[in-house]
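Okay, structure first, notes after.
The values are calculated or read from the model by the stated rules, or taken from the named source; none is laboratory data. Keep in mind that what you see is a predicted model, and the values were worked out from it rather than measured. In this analysis, Cβ positions are derived from the backbone assuming ideal geometry, glycine residues included, and neighbour counts consider all displayed protein chains. Each accessible area value is taken on the protein alone, full model and side chains, heavy atoms only, with ligands, DNA and RNA left out. Shrake-Rupley method; radii C 1.70, N 1.55, O 1.52, S 1.80 Å.
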Amino acid sequence: MATKPFQQAGSSSTITRPPSGGERATDSMFRGIAYACAGLIVLLVIAILWQLSKEALPAIAEYGLGFWYGTTWDVNKEIFGVLPEIWGTLYSSLLALLLGGIFGIAIAIFLTQDFIHHKLALVFRTIVELLAAIPSVVYGLWGIYVLIPIIRPIAEWLHETLAWFPLFSTDLSGPGLAPAALVLAIMILPTVAAISVDAFRRIPYKVKEAAYGMGTTKWEAILKVMLPTASSGILAALVLGFGRALGETMALAMLIGNANQISLSLFAPANTLASLLASSFPEAGAVEVQALMYAALVLLLITFIVNVLGLAVQQYTVRKFEGKK
Amino acid sequence: MSAAAQTVATDTAEFIAEPYQPEGDTVIDCDVKKIFYGDFLAVRDSVVPVEKNKITAFIGPSGCGKSTVLRSLNRMNDLIPVFRFEGTVNYHGQDIYAPNVDPVVVRRYIGMVFQQPNPFSMSIYDNVAFGLKLNKFKGNYDEKVQKALERAALWKEVKDKLKNSGLSLSGGQQQRLCIARAIATEPDVLLMDEPCSALDPIATRQVEELMLELRERFTVGLVTHNMQQATRVGDTTAFFSVDISKGGRTGYLVEMGPTKQVFEDPQQDLTKEYVRGEFS
């Protein structure tokens, strides 16, 4: 018995003892629960994929890969293609990521790099995170009643003076890509900001000392040292924000105009996969439901690819900058 | 409290060390009146001249303010919002605490190596080139980077992996990388705040040899916990102690002089006790 020498040692004067049977049982129970929870999540994802694929199977068989690059969604003729929706999803999300990313990272820098007192920073941070608690439909209504009237004159002016420029080639008739992307940017802002703040907070104090010790100005320390050091965390923030933008439904269904077209113009109405699903499902017949399931599968795949790519880039920066294997 | 203890208490609370008059040229003339962190008086009344092309060692027990004084010499303490300095630090005759002096400029001429190795999360090459880029150096970067790494006794180990992250190196290598980073821009003075405390004996020996070589070109201020280190590399030694008689913990200079004299023929009883290892 392996414990024998320990028991002999225990007989003399020590107060140490081996863990009891009950303690060992708790230990294995805890491990079991942790494994079960992790396994359940994997099972859930597989179940959703399985169900979705099963429902979409007739559509996949019927339309095949053509579904990806088809540009028509005609229920009567039963012609289905989602290229405009893929375009709209990626375009609106990228615009939102650009705006939300810049502002989110700027907010994170402002809140963490001694620009304001840390108690005030906490208040600011709470306010930014409150943005995440506003329901999507409220954002949609705000977009319709507040944002669109505000940006319409600017859009008109841009279109009139710079019509040759592809981004301003159409007029803003109401809903469109610009208001949708703006609202989307505000919606992903808390995600990007909160996770970037954590990334900056994780930087050890000694790195800051090293930067200032070299004689950097505050701006140089932030731009040349703090930002690269936090880069892997910031990338994670951007990936999560982008993922959120890809899947956002309600506000976009209200703001993007649901037009089945591909245009570079910021003011043209467009459509996204999630918004297509939300607006078409309630009145869809059996055949269209199958096509919508296929579209949902496409959205799921895009999100999956984006996340994997983002993770790969993040791992790359961790290896490159932090020298970890 | 006994009468004897009270006498000692008033002694340490009012004691001011005889200012050390160096024979050679000084680069920094530091005259600390008071250093505060908020309401806390950390260091009082210490005159510490730093001589040109010599290593000035700062020794003393924990909390005696030796690091605080060293970090005041290039205004590193300005990063701490509640820090307040009373006195003067004359660098080539210019008071670096004068209102028209930008701490950023001070730190470019008076470089620093810290207790914990703190390379930036970028490549070894970029770490060393950081200061060169910062100072808009126009010239051969490769040459300067190689020279700095050679001086820091790191070149042979890293010359084939300059693109690897500085953080992939071992602790001792990281510290030598930080030294290379600090000396690449050839600052006038190099301040080292316990640079060997995170290193093993072999790396410590390498860094000490490096300091002796650096002395030829730079002026070095060195804080160390290790008295042997002070005797091995220090030309001049400043001994600080901490005064706890008034309920605070205020550091002050007890004695400063040539290292040999401080260790072999100390003038103050406190110094005698400390260098004999009777308290730490």
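Let me check I've understood the local charge: for A:Ile256, count other residues with C-beta under 13 angstrom from its C-beta, Lys and Arg +1, Asp and Glu -1. What total comes out?
-2
Which length gain, in nm to one decimal place, applies between B:Glu14 and B:Asn100 when the Cα-Cα distance is subtracted from 0.36 nm times their residue separation?
Separation in residues times 0.36 nm, less the Cα-Cα distance, equals 27.6 nm.
Counting only C-alpha contacts under 8 Å and six or more residues apart, can you give the relative contact order of the range A:62-322 as a whole percent?
In percent, rounded to a whole number, it is 27.
Looking at the range B:152-280, send over the antiparallel percent of its DSSP beta bridges, to the nearest 5.
60 percent
Picking from A:Phe168, A:Phe115, A:Phe242, which is most flexible by a Gaussian network model of chain A using Cα springs under 10 Å?
Ranking A:Phe168, A:Phe115, A:Phe242 by mean-square fluctuation puts A:Phe115 first.
For every other residue with a beta carbon closer than 12 angstrom to the beta carbon of B:Lys33, add +1 if it is Lys or Arg and -1 if Asp or Glu, then tell me the sum.
Every neighbour counted, the sum reads 0.
Under 5 Å between amide H atoms, partner at least 5 residues away or on a different chain: which partners does B:Val43 have, H built in plane at 1.01 Å?
Placed amide hydrogens put B:Ile35, B:Gly251 under 5 Å from B:Val43.
Report the FRET efficiency, 1/(1 + (r/R0)^6), for B:Asp142 and A:Thr217, where r is their Cβ-Cβ distance and R0 is 22 Å, rounded to 0.05.
Efficiency, from the Cβ-Cβ distance: 0.25.
Probe of 1.4 angstrom, ligands and nucleic acids ignored: what's the accessible area per residue over chain A, in square angstrom?
54 Å²
Can you tell me what share of the DSSP beta bridges in the protein assembly as shown is antiparallel? A percent to the nearest 5 is fine. Could you put the intermediate results ahead of the total?
Values: 32 of 51 bridges.
Around 65 percent of the beta bridges assigned by DSSP in the protein assembly as shown are antiparallel ones.
Looking at the square roots a ≥ b ≥ c of the eigenvalues of the Cα gyration tensor of the range A:272-325, which shape do they give, rounded for a/c under 1.5, prolate if a/b is larger than b/c, or oblate?
Verdict is prolate for the range A:272-325.
Would you mind working out the magnitude of the charge dipole of the range B:130-240 relative to its Cα centre, with +1 at each Lys and Arg C-beta and -1 at each Asp and Glu C-beta, to the nearest 20 Debye?
Here the range B:130-240 has a charge dipole of around 500 debye.
Sorting B:Ile59, A:Ile154, A:Ile107 by accessible area (1.4 Å probe), largest first, what list results? Walk me through the intermediate numbers first.
On the way: B:Ile59 0, A:Ile154 95, A:Ile107 40 Å².
Heavy-atom accessible area, descending, gives A:Ile154, A:Ile107, B:Ile59.
Treating the Cα atoms of the range A:145-286 as identical point scatterers in vacuum, please give the log10 of the normalised Debye intensity I(q)/I(0) at q = 0.13, 0.16, 0.21, 0.22 Å⁻¹, two decimals.
After summing over all Cα pairs, the log10 values are -0.74, -0.89, -1.13, -1.18.
Mean shadow of the protein assembly as shown, computed from the convex hull of its alpha carbons, in nm²? Could you put the intermediate results ahead of the total?
Details: hull surface 169.4 nm².
For the protein assembly as shown, averaging the hull's shadow over all directions gives 42.4 nm².
Please report the Cα spread of chain B along all three principal axes, rounded to whole Å, starting with the longest.
67, 43, 34
What nm distance separates the two modelled labels at A:Ser20 and B:Lys159, each placed 7 Å from Cα along Cα→Cβ?
6.6 nm
Mind checking A:216-224 for the average number of partner chain beta-carbons within 10 Å of each residue's beta-carbon?
Average per residue, whole number: 3.
Cα centroid distance between the range A:129-197 and the range B:57-81, in Å?
The range A:129-197 and the range B:57-81 have Cα centres spaced 52 Å from each other.
With the Cα gyration tensor of the range B:60-184 in hand, convert its eigenvalues to equivalent ellipsoid semi-axes via √(5λ) and list them largest first in whole Å.
Its equivalent ellipsoid spans semi-axes of 30, 18, 12 Å.
With viscosity set to 1.306 mPa s at 10 °C, what whole-number translational diffusion coefficient in µm²/s follows for the range A:219-259 from Stokes-Einstein and a Kirkwood radius over Cα pairs?
Estimated via Stokes-Einstein, D reaches 127 µm²/s.
Most fluctuating residue of A:Ala121, A:Ala237, A:Ala133 in a GNM of chain A with Cα springs under 10 Å: which is it?
Of A:Ala121, A:Ala237, A:Ala133, the most mobile in the Gaussian network model is A:Ala133.
Nearest 100 Å² is fine: how much accessible area is buried between B and A, summed over both sides, with a 1.4 Å probe?
The buried area between B and A, both sides summed, comes to about 2000 Å².
Provide A:Thr112, A:Thr14 ordered by accessible surface of protein heavy atoms (probe 1.4 Å), highest first.
Ranking A:Thr112, A:Thr14 by accessible area, largest first, yields A:Thr14, A:Thr112.
So, counting K/R as plus one and D/E as minus one, what does the shell of residues with Cβ under 12 Å around B:Gly131 add up to?
Here the count lands on +4.
With the cut-off at 1.5 for a/c, could you classify the range A:62-322 from its C-alpha gyration tensor as rounded, prolate or oblate? Let's see the in-between values first.
Values: a/c = 2.27, a/b = 1.74, b/c = 1.30.
It is prolate, given that a/c is not under 1.5 and a/b is the larger ratio.
Computed FRET efficiency, Cβ-Cβ of B:Thr88 and A:Glu129, R0 35 Å: what is it to the nearest 0.05?
So the FRET efficiency works out to roughly 0.15.
State which helices in chain A qualify, where a helix is a whole DSSP H run, it must extend 15 Å or more along its own axis by its Cα atoms, and its mean Kyte-Doolittle hydropathy must be at least -0.5.
Passing helices, by number: A:21-63, A:83-112, A:118-130, A:148-161, A:177-201, A:231-247, A:286-322.
Under a 10 Å cutoff between Cα atoms, tell me which one of A:Gly39, A:Gly64, A:Gly215 has the largest fluctuation in the Gaussian network model of chain A.
Among A:Gly39, A:Gly64, A:Gly215, the largest mean-square fluctuation in the Gaussian network model of chain A belongs to A:Gly39.
What average number of partner chain Cβ atoms lie no more than 10 Å from the Cβ of the residues making up B:119-131?
Average neighbour count from other chains, rounded to a whole number: 4.
How would you classify the range A:69-110 from its alpha-carbon gyration tensor, with a ≥ b ≥ c the square roots of the eigenvalues: rounded for a/c under 1.5, else prolate if a/b is greater than b/c, otherwise oblate?
Prolate, because a/c is 1.5 or more and a/b exceeds b/c.
Hey, got the Cα dimensions of the range A:22-180 along the principal axes, in Å, largest first?
Dimensions of the range A:22-180 along the principal axes of its Cα atoms: 78, 61, 25 Å.
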